[in-house]
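> Pasting a structure here, questions to come.
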Amino acid sequence: MRSPEQIIAVMRRVFLSLIAVAVVALLAALTFAWLPTTTRVMSAAAATEQHAALVEKGRYLATAGDCIACHTGAGRQAYVGGLALASPVGIIYSSNITPDRDSGIGNYSLNDFDRVLRHGILPSGKTLYPAMPYPSYARLRDEDVLAIYIYFMHGVKPVHAENRASEIRWPLSMRWPLAIWRKLFAPDPDQLPSVAIHYSDPVVERGAYLVQGLGHCGSCHTPRALTLQEKALDESGAAYLTGGQIIDGWSAVNLRGNGADGLGTWAKQDLADLLRKGHSASHAVIGSAMSDVVVHSTQYLYDDDLDAMAAYLKSLPPERNAASTFAVNPATARALQAGINDTRGAELYVDNCAACHRTDGEGYMRVFPEIAGNSTVLSADATSLIRLILVGSSSPVTAGAPSRLGMPGFASRLSDAEVVKLATFIRQSWGNHAARVTVGSVKSIRNSITRESNPRLSGTRADAGVANSSR
Ligand code: HEC
Ligand code: HEC
Ligand code: HEC
């Protein structure tokens, strides 16, 4: 047995060595964070030839990158920034990226621009929050970075508007830990060409470039690790584009080749149509997040590029763990048409939904989407389906589909228990087979909808945007 003095002495030694270890670890982390990142220098010497063509090319690529969606606060001019983005540590505001010399990026060299866009490093040497999707833009080719730079410098009007400081409190507001995150998790653009996947079909290659790079589809559609990096940046990782993130309340669905919860049964044309118009013959985008992508970005892309993106997405194998299935089964339609709706779920469907989506769940081509075999209905995560039933949705207005189609919300008509029965009925009829919906998930989604409509209780991107526009 040791004496109390001995025990205290041992504990003191343990304690001192723990402090020593912590100090060494902190010093190592600081050194790692502060070691400057050298990048291959880009210069714009030869860029002035074919100037107008380059500005146009840059404009198109900036559209494909959807810079405008994040860099335009509510009620502001394009690219003036100020949009509030919710992050786990607090609200950050996007920057003014017009070429204003004082408050925008007018003093950027091409190399400064490249370091922000592909490497996530500001001219001051500080690291950007990964709300700016530089881990995706890392894939951009030099000539495309140049074109986008020339567009911002010469195709965008300078507007003076100071950047808003983030609402992140010290010590979380310190940026040096972001450098550690970047060095550990963001790809090194100069190494990428040697590790990126090469595709034998040039159409698929182009689609992959757009989806993985400028389109940054994975920043919403790929699940994130605890440390917040996307679990994979291309299909060399099994989690790539398998969905699951909740964006502004809507779950970004699985885009892999699964037949039920996924794009397995979608025709390539369906996908290209959806990206161009916000809906296809039988599917529709719902909610704000994906509608914004269509409205600001994909509707403007060339048909060739949309076809290429569709070809690439359709080349992705199914996710291995998806549990939902679909096999056409006419029994539901027959029963409903014969007036047999003997479950509460069936009754609620006939009363509230069948007028538009029909008793056979097939909807009306190009107007009301089909529900039988629908990948949103069959998604492992029923968040979007539940939210849709509660708040409804209206289709994005695009050049290719100028009239707005709407679905009403049923929050005031249906109780939580009824939403459970209805959503479960839809997920388990016409051959659909997906897990039951739980009352807990309906409750929590209804609560968050209530919070969003009360700005004092909420700090999300949507309400912060409204607050902006009223200033
Ligand atoms: C998903 C949202 C999002 C998208 C899309 C996006 N950005 Fe950003 N960007 C941000 C945010 C947020 C910041 C500020 C980050 C910070 O303060 O660390 C930022 C910062 C920047 C900056 C730094 C400006 C400065 O000096 O402060 C530049 C330049 C920039 N973005 C350019 C672009 C371009 C070009 C595109 C399109 C190819 C783009 N961004 C797309 C969110 C986005
Ligand atoms: C800002 C986040 C975000 C980005 C970026 C994004 N998506 Fe989505 N996407 C969503 C959400 C949320 C949904 C679920 C809503 C829905 O089902 O319509 C969705 C749905 C979809 C759907 C299914 C629509 C349906 O009817 O089931 C497709 C296909 C899709 N996205 C493709 C893409 C592609 C391709 C890209 C890249 C060009 C992309 N998304 C980028 C958030 C995003
Ligand atoms: C007035 C007609 C109408 C009624 C009634 C209606 N819907 Fe819809 N539904 C639509 C429209 C239009 C869309 C597409 C919305 C969009 O593009 O934003 C849609 C979309 C959907 C989708 C998403 C399809 C996809 O491809 O992602 C589902 C699921 C759905 N409705 C289920 C229901 C349920 C369940 C009910 C009953 C509670 C219902 N709808 C009632 C018109 C309707």
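The values are calculated or read from the model by the stated rules, or taken from the named source; none is laboratory data. Note that the structure is predicted; figures quoted are calculated from it, not measured. Every residue, glycine among them, receives a Cβ derived from its backbone with ideal geometry; neighbour counts consider all protein chains shown.
> Given Ala411, Ala335, Ala346, Ala380, which one is over 31 Å from the mean Cα position of the chain (by Cα) and either part of a loop (DSSP other than H, G, I, E, B) or buried (at least 17 other Cβ atoms within 10 Å of the Cβ) (or both)?
Ala346
> I need every pair where a residue in region 91-103 that is buried (at least 19 other Cβ atoms within 10 Å of the Cβ) has its Cβ under 7 Å from the Cβ of a residue that is charged (D, E, K, R), sequence separation at least 6 or different chains.
Tyr93/Arg164; Thr98/Lys157
> Which condition does Gly104 not pass, out of (1) small (Gly, Ala, Ser); (2) touching a His at 6+ places or on another chain (Cβ under 9 Å); (3) under 24 Å from Gly207 (Cβ atoms), if it passes all the others?
Result: Gly104 passes all but (3).
> Any chance region 339-360 includes a residue that's under 18 Å from Gly287 (Cβ atoms), among the hydroxyl-bearing types (Ser, Thr, Tyr) and at pLDDT 90 or above?
So far as region 339-360 goes, no, none of its residues is under 18 Å from Gly287 (Cβ atoms), among the hydroxyl-bearing types (Ser, Thr, Tyr) and at pLDDT 90 or above.
> Only one of Tyr364, Tyr312 is in contact with a His (Cβ under 9 Å, 6 or more places away or on another chain) and either within 16 Å of ligand 2 (Cβ to nearest atom) or assigned by TED's automatic domain parsing to the domain that holds Asp66 (or both). Can you tell me which? Let's see the steps before the verdict.
On the way: Tyr312 fails: in contact with a His (Cβ under 9 Å, 6 or more places away or on another chain).
Exactly one residue qualifies, and that residue is Tyr364.
> Also: Just to verify a result, which residue in region 315-332, among those that are surrounded by 18 or more Cβ atoms within 10 Å (Cβ to Cβ) and not hydrophobic (A, V, I, L, M, F, W, C), is nearest to the chain's Cα centre (by Cα)?
It comes out as Glu319.
> For region 162-176, check the following and say yes or no: at least one residue is of a type outside the set (S, T, N, Q) and in contact with a helix residue (DSSP H, G or I) (Cβ under 7 Å, 6 or more places away or on another chain).
Yes, that holds for at least one residue.
Listed here are the residues, each with its yes/no results for (1) under 24 Å from Leu228 (Cβ atoms); (2) among the polar types (S, T, N, Q).
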residue	(1), (2)
Asn111	no, yes
Ser124	yes, yes
Leu128	yes, no
Met132	yes, no
Met153	no, no
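> Continuing with this model, one more query. For residues that are part of a loop (DSSP other than H, G, I, E, B) and touching a His at 6+ places or on another chain (Cβ under 9 Å), scanning just region 383-401, find the one that is nearest to ligand 1 (Cβ to nearest atom). Write out each step before concluding.
Of region 383-401, the ones part of a loop (DSSP other than H, G, I, E, B) are 392, 395-397, 399-400.
Filter once more, keeping what is touching a His at 6+ places or on another chain (Cβ under 9 Å): 395-396.
Numbers: Ser395: 22, Pro396: 17 Å.
Here the residue is Pro396.
> Take Ile8 and decide whether it is in contact (Cβ under 8 Å) with a residue 12 or more places away in the chain and outside any loop (DSSP other than H, G, I, E, B).
no
> What are the residue pairs meeting all of these: first residue in region 107-129, first residue in the same structural domain as Gln191 (by TED's automatic domain parsing), second residue in a helix (DSSP H, G or I) and surrounded by fewer than 19 Cβ atoms within 10 Å (Cβ to Cβ), Cβ atoms under 6 Å, and 6 or more apart or on different chains?
Pro123/Asp112; Thr127/Leu178
> Follow-up. Could you please let me know if Tyr149 is of a type outside the set (A, V, I, L, M), surrounded by 15 or more Cβ atoms within 10 Å (Cβ to Cβ) and within 20 Å of the chain's Cα centre (by Cα)?
Here the answer is no, as Tyr149 does not meet what is asked.
> Which of (1) away from ligand 2 (no atom under 16 Å from the Cβ); (2) under 25 Å from the mean Cα position of the chain (by Cα) does Arg387 not meet, given it meets every other one?
Every listed condition holds for Arg387 apart from (1).
> Search region 206-246 for residues being surrounded by fewer than 17 Cβ atoms within 10 Å (Cβ to Cβ) and touching a residue at least 24 places away in the same chain (Cβ under 8 Å), and hand back the single one that is nearest to ligand 2 (Cβ to nearest atom).
Ile246
> Let me ask something else about it. Please determine whether any residue of region 271-284 is surrounded by fewer than 23 Cβ atoms within 10 Å (Cβ to Cβ), modelled with pLDDT of 95 or more and within 16 Å of ligand 1 (Cβ to nearest atom).
No: region 271-284 contains no residue that is surrounded by fewer than 23 Cβ atoms within 10 Å (Cβ to Cβ), modelled with pLDDT of 95 or more and within 16 Å of ligand 1 (Cβ to nearest atom).
> Please specify each residue of region 236-253 satisfying the condition of being in a loop (DSSP other than H, G, I, E, B) and within 16 Å of ligand 3 (Cβ to nearest atom).
Matches in region 236-253: Gly243, Asp248, Gly249, Ala252, Val253.
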